[in-house]
């Protein structure tokens, strides 16, 4: 039987995002995690999120879980430019809630943080990276929807966000909701659900880019009137750039965006096992602790959703 990861008592809350977004081009990996500790100042072997790594977990032979446990390593796709959820830190590793959740799955497989290869995975290439085997799973503010489920499978959801709008501080255009951006230039990421929705349902003129951090300068200089994506991502940018931006209506959302963990389609046993891990992490408080160490430095602790065992 596998052992359950627990949050180590007494682990101090960690700083989880850098002051400026950074990271290489899509598809690049972070620096070799063996070269530096996972968290600046952390002792060698200490998990940056205070998780205990399962010792010699046992899985049924031939399962994906058994393969990862035997290999002792895993490749996880995540964002590199999103404060609070996935942002490259000073040691070259991404930090945030998605990173913590990914490392929870790895820990349950007996894989320490330093044996995780973090691969930058932007919105447009998440399904492709899973299908092509570039990554073993994706934990990257990844909204579960039917179109994506035709290509891959999802465990989760582990969090539910919602689409919102971010504008210049003072809201010079007086935008009160998505209906006000019809015919106006709005920035979002190509291949994301928020980008499609703001055009198809609200008639905005999309200025598309590959990462959300690339929307900040167009908003600063007035090329676009707003940036749209999930409220938690935008909250991170507001917090990271004090006095420059604000959320419309204090971040009021106009959609539901359940975040899932993307894996290879048809791997039902792996999906069910991840859902078990997520469910237990909510029940024993591990998920709340991971949130409080990361996104919870800015946002209140949510009620985490139950996995959808479709």
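Here are some notes:
- Top of 186, 232, 298 by mean-square fluctuation, Gaussian network on the chain, Cα under 10 Å: 298
- Just checking the listed ones, 114, 173, 127: in the Gaussian network model of the chain with Cα springs under 10 Å, the one fluctuating most is 173.
- Over the chain: helical MRE at 222 nm, DSSP H runs n ≥ 4 each giving -39500 (n - 2.57), nearest 500: -7000 deg cm²/dmol
- Estimated FRET transfer efficiency when R0 is 45 angstrom, pair residue 256-residue 71 (beta carbons, to 0.05): 0.80
- Computed extension gain for residue 145 through residue 200, at 0.36 nm per residue and net of the alpha carbon distance, reaches 18.2 nm.
- Between 0 and 90°, nearest 10: helix 268-283 axis offset from the chain longest Cα axis: 80
- Largest mean-square fluctuation among 194, 258, 172, in a Gaussian network model of the chain whose springs join Cα atoms under 10 Å apart, belongs to 172.
- Residue 60/residue 128 FRET efficiency (R0 41 Å; Cβ-Cβ; nearest 0.05): 0.90
- Rounded if a/c under 1.5, otherwise prolate or oblate - the stretch 72-150, Cα gyration tensor axes: oblate
- Cα shape, the stretch 163-251, gyration tensor, a/c 1.5 rule: rounded
- Once C-alpha pairs closer than 8 Å and six or more residues apart are averaged by separation and normalised to the residue number of the chain, the relative contact order reads 23 percent.
Only the coordinates and a few stated rules stand behind these numbers; no lab work does. Predicted, not measured: the structure shown is a model, and the values here were computed from it. Glycine gets a Cβ as well: all are built from the backbone with ideal geometry, and neighbour counts include every protein chain shown.
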